[in-house]
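The values are calculated or read from the model by the stated rules, or taken from the named source; none is laboratory data. None of these values were measured; they are calculated from a predicted model. Using ideal geometry, Cβ is built from the backbone for each residue, glycine included, and neighbour counts are taken over all protein chains shown. Side chains are part of the model used for accessible areas, which takes the heavy atoms of the whole protein and leaves out ligands, DNA and RNA. Shrake-Rupley method; radii C 1.70, N 1.55, O 1.52, S 1.80 Å.
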Amino acid sequence: MTRKNPDVEEADESDIEVSGHPKNWAAGVPGVYHSMQPAIKHMGVERSAKTLLALNQKDGFDCMSCAWPDPGHRKTFEFCENGAKAVTWEATPVVISREFWEEHPLSELRERSEYWLGMQGRLTEPVYKPAGEDHYRPVSWHAAFDIIADKLKSLPSPDQAAFYTSGRTSNEAAFLYQLFIRGYGTNNLPDCSNMCHESSGWGMGQTIGVGKATVSYDDFGKADLIIIMGQNPGTNHPRMLTALEEAKEAGARIVAINPLPEAGLMRYKNPQKVKGIIGRGTDLADQFLQVRIGGDMALLQAVSKRVLDAEAANPGTVLDHQFLAEHCQGLEELRAHLAELDEGAVLEATGLRSEEIDELADRYMAADKVIITWAMGITQHKKAVATIKEIINLLLLRGNIGKPGAGASPIRGHSNVQGDRTMGIWEQMPPAFLDALGKEFSFEPPRSHGADAVETIRQMRDGGIKVFIAMGGNFVGAMSDTRAAEAAMEGTELSVQISTKLNHSHAVTGAEALILPTLGRTEIDRQESGPQFVSVEDTVCAVHPSHGTVEPVAPGLLSEVAIVCQLARRVLGDKLSADWAGFQKDYDLIREHISHVVVGCEDYNRKIRQEGGFVLPNGPRDSRTFNTPTGKAILTVNELEHVERPAGTLILQSMRSHDQFNTTIYGHNDRYRGIRKGREVVFVNPADLAELGLEDGQHVDVRGVYPDNVERVLRNYRVVSYPSARGCAAAYYPEANVLVPLESVAEGSQTPVSKAVIVKLEPVAVREEETAGSR
């Protein structure tokens with residue numbers, strides 16, 4: 001039984017509450033409560049049980065939240081708090097009524113928060129905004145597809161369209177989507193990876209020949225040392241905490257490196273263990289290095305230098321000489337470069353003491369098996385690619401790639417962002433993939449590189465891209481330089497969003513706009529040949545099936561696969577040797593073609609039906625083989641550069657609250673950091689507040705400092721005194737995107753630099769509502 005949209009109130013930021021003390025442990029009984037309370041409230045007991053008990057199970061559906069891998073043995077409750085919230089958000093029986101579109105013009109929706117938009121309920125029928133009008137109105141699927149097809153076929157060049165992909169898109173839908181797009185004639189395939197782990201792909205690809213993790217789930221339990229850099233597992237991938245607990249119980253040591261002391265890095269109260277309910281839980285970090293924002297590269301170089309110095313003092317006892325000789329190149333160049341490393345520059349860049357770096361180096365050298373794991377605290381910097389190369393340098397020195405319990409582990413933050421890339425969602429897929437694709441479907445794919453996320457905004461701004469189509473996600477909300485992104489989108493002739501629920505990208509549109517509603521991952525996907533399943537790839541290259549378990553929230557919803565197939569038939573006709581109607585009827589046919597095109601996916605239909613699915617090949621992990629020009633892993637020389645902080649400024653990073661997933665906001669609380677009833681806060685070290693003449697609770701404008709002199713500002717934010725690294729500040733994403741210039745990107749990867757924004761805090765003399773009240 002579906003329900004219409006509820007009355008949802010926006011947050012009153014004047015009522016924000018700050019406890020003043022961040023938590024030093026994660027999960028426990030509160031984690032259970034905050035998982036189940038919203039589920040039962042919004043879905044009811046029966047729907048909650050059907051969904052949550054199937055979440056991440058071998059015969060259930062894959063969580064649409066993070067890409068953390070599943071253990072071989074599944075528990076009854078194989079989900080975390082944020083996974084439960086993601087399921088509740090998607091599987092809610094609340095739907096948007098037809099009256100909603102009459103009552104709410106786009107000009108109003110544009111001013112609404114992500115929280116309010118998402119809470120309106122599920123989208124259930126296509127809606128269309130004609131040029132010059134301020135309202136969406138329901139249209140038939142037939143009419144919606146005709147509008148898109150007519151516009152695409154009218155463009156002088158296929159490169160005047162861009163096709164975005166969210167990481168929630170299944171392998172089957174992603175493969176067909178990129179086939180349709182390349183059949184149409186363009187490689188303009190921006191995706192959410194452009195904004196998060198693109199730097200990982202570049203840094204790892206150029207050094208070890210693969211941009212994916214070189215570890216498995218089980219490797220965490222075999223490691224002697226796990227170094228966690230630039231990530232907050234307690235909020236962003238909480239199931240990782242269980243793997244870290246298992247590693248500690250097996251004897252591993254953990255080092256956490258982060259500008260903020262996050263609860264999930266310190267202690268874990270596992271709600272499925274007695275000690276997590278009534279005891280202390282498990283201490284995680286044996287050492288916490290509170291590095292200055294942008295200082296990770298300097299820290300890694302300093303540790304590698306200490307490793308090389310230790311080898312020089314005791315030749316033959318520290319480095320893995322056999323591994324280096326057989327599998328690596330560049331050691332002497334790296335040795336010479338790091339010999340000149342200035343310790344003073346390292347300490348300035350990191351904000352650490354030499355003794356802290358010594359301790360980390362000693363831990364590294366004492367461990368035989370080391371995993372270094374990281375997320376966007378590393379990837380969203382100007383020198384992100386170089387920093388990731390330094391991670392690889394450190395691992396290679398002691399042979400920590402290609403053996404059990406050791407390796408490089410970028411943690412993807414979206415459930416199938418890695419699988420989408422494997423399936424061809426990339427603006428610059430290699431020739432071998434394009435050759436196989438063209439052979440399989442009897443056409444010549446375009447060869448020139450297409451537009452990534454940042455380039456798409458540039459080209460929309462400059463009039464080069466006129467049509468924008470998004471398979472899921474919240475492109476405008478997720479992009480840097482919010483005002484520039486909005487203006488660029490408004491300059492297009494047609495924007496199309498394929499979505500389950502509303503977000504900011506539905507309110508900021510082209511002249512014409514369409515919203516196409518789609519099935520959620522939780523829902524049963526019935527096609528002509530019967531119920532279908534899809535497949536996804538997690539962060540350690542494991543591919544497994546995902547079966548929806550509940551009835552669709554409304555009749556008439558189409559799956560992503562069905563939407564792509566019907567659109568491709570209208571746009572391409574018989575241009576390709578592709579059975580679009582057959583693909584929609586039976587997803588096994590899609591997987592059969594995938595097996596012929598995608599390396600590692602041979603015999604896909606059989607392997608995906610194996611218990612637990614299958615693992616894709618990974619040369620560095622499986623056989624210490626490296627797909628580089630020389631066939632060896634490459635130790636690289638990277639010039640150190642740290643973030644300069646002019647007097648009177650701070651270095652700000654954007655981050656998620658605990659009540660959100662990417663741009664989806666579940667609520668207004670961030671309980672681990674002590675924030676309730678609001679999001680308009682900026683976290684600042686108390687010593688920095690004193691230096692700047694500010695106080696906790698004061699309100700400020702957070703103003704970006706960038707040479708182009710464009711005004712980028714967050715207004716009237718409450719200052720929160722917080723134990724961040726000195727000189728550093730933090731504010732919530734996506735609101736803080738407004739401060740990140742479009743041209744501020746990582747070298748090589750073009751990932752927006754969202755973790756190192758120079759800002760000034762300007763006091764607000766009198767709050768606007770107080771001024772109004774005094775009149």
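The figures follow:
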read-out: Residue, modelled with the lowest pLDDT, within segment 268-291, restricted to residues that are farther than 15 Å from E246 by Cβ, of a type outside the set (A, V, I, L, M) and open to solvent by less than 30 Å² (accessible area, probe 1.4 Å); value: G279
read-out: Considering residues of segment 165-192 that are open to solvent by 10 Å² or more (accessible area, probe 1.4 Å) and assigned to a helix (DSSP H, G or I) only, the residue modelled with the lowest pLDDT; value: C192
read-out: Only listed residue being out of contact with any Cys (no Cβ under 7 Å at 6 or more places or on another chain) and open to solvent by less than 10 Å² (accessible area, probe 1.4 Å), chosen from G377, G438, G344, G351; value: G438
read-out: Single match in S448, S529, S535 (criterion: within 21 Å of A173 (Cα to Cα) and surrounded by fewer than 23 Cβ atoms within 10 Å (Cβ to Cβ)); value: S529
read-out: Selection from segment 587-637 of residues that are closer than 30 Å to H321 by Cβ and touching a His at 6+ places or on another chain (Cβ under 8 Å); value: R624, F626, K632, A633, V637
read-out: Segment 114-131, subset assigned to a helix (DSSP H, G or I) and out of contact with any Phe, Trp or Tyr (no Cβ under 8 Å at 6 or more places or on another chain), residue surrounded by the most Cβ atoms within 10 Å (Cβ to Cβ); value: L117
read-out: Wholly within segment 373-458, helices (runs of 4 or more DSSP H) carrying at least 3 residues that are under 30 Å from V597 (Cβ atoms) and free of Cβ contacts under 8 Å to residues at least 60 places away in the same chain; value: 431-441
read-out: Count of residues meeting criterion [within 23 Å of P138 (Cβ to Cβ) and within 24 Å of the chain's Cα centre (by Cα)] in segment 530-560; value: 2
read-out: The one condition in (1) over 25 Å from the mean Cα position of the chain (by Cα); (2) assigned to a helix (DSSP H, G or I); (3) not charged (D, E, K, R) that T76 fails to fulfil; value: (2)
read-out: The listed residue being out of contact with any strand residue (DSSP E or B) (no Cβ under 9 Å at 6 or more places or on another chain) and farther than 27 Å from D12 by Cβ, out of G44, G60, G83; value: G44
read-out: Where a residue in segment 511-540 is assigned to a strand (DSSP E or B) and its partner, wherever it lies, is among the acidic types (D, E) and open to solvent by less than 10 Å² (accessible area, probe 1.4 Å), with Cβ under 8 Å and at least six apart; value: V534/E172; S535/E172
read-out: Within segment 194-210, tally of residues that are under 15 Å from the mean Cα position of the chain (by Cα) and open to solvent by 10 Å² or more (accessible area, probe 1.4 Å); value: 3
read-out: Members of segment 232-255 that are in a strand (DSSP E or B) and either closer than 22 Å to P22 by Cβ or open to solvent by less than 10 Å² (accessible area, probe 1.4 Å) (or both); value: I254, V255
read-out: Options D150, D134: the member that is modelled with pLDDT of 95 or more and either within 28 Å of the chain's Cα centre (by Cα) or not in a helix (DSSP H, G or I) (or both); value: D134
read-out: Residues of segment 71-113 that turn out to be open to solvent by 40 Å² or more (accessible area, probe 1.4 Å), over 30 Å from R137 (Cβ atoms) and without any contact (Cβ under 8 Å) to a residue 60 or more places away in the chain, as a count; value: 3
read-out: Members of segment 193-215 found to be more than 13 Å from T539 (Cα to Cα) and either in a helix (DSSP H, G or I) or free of Cβ contacts under 8 Å to residues at least 60 places away in the same chain (or both), listed by number; value: N194, M195, E198, S199, W202, G203, M204, G205, Q206, T207, I208
read-out: Residues being open to solvent by 40 Å² or more (accessible area, probe 1.4 Å) and closer than 30 Å to Y732 by Cβ - total across segment 605-660; value: 6
read-out: L572, sole failed condition from (1) open to solvent by 30 Å² or more (accessible area, probe 1.4 Å); (2) on the phi < 0 side of the Ramachandran plot; (3) modelled with pLDDT of 95 or more; value: (1)
read-out: Test: residue in segment 585-599 that is of a type in the set (S, T, Y), surrounded by 22 or more Cβ atoms within 10 Å (Cβ to Cβ) and touching a residue at least 24 places away in the same chain (Cβ under 8 Å); value: yes
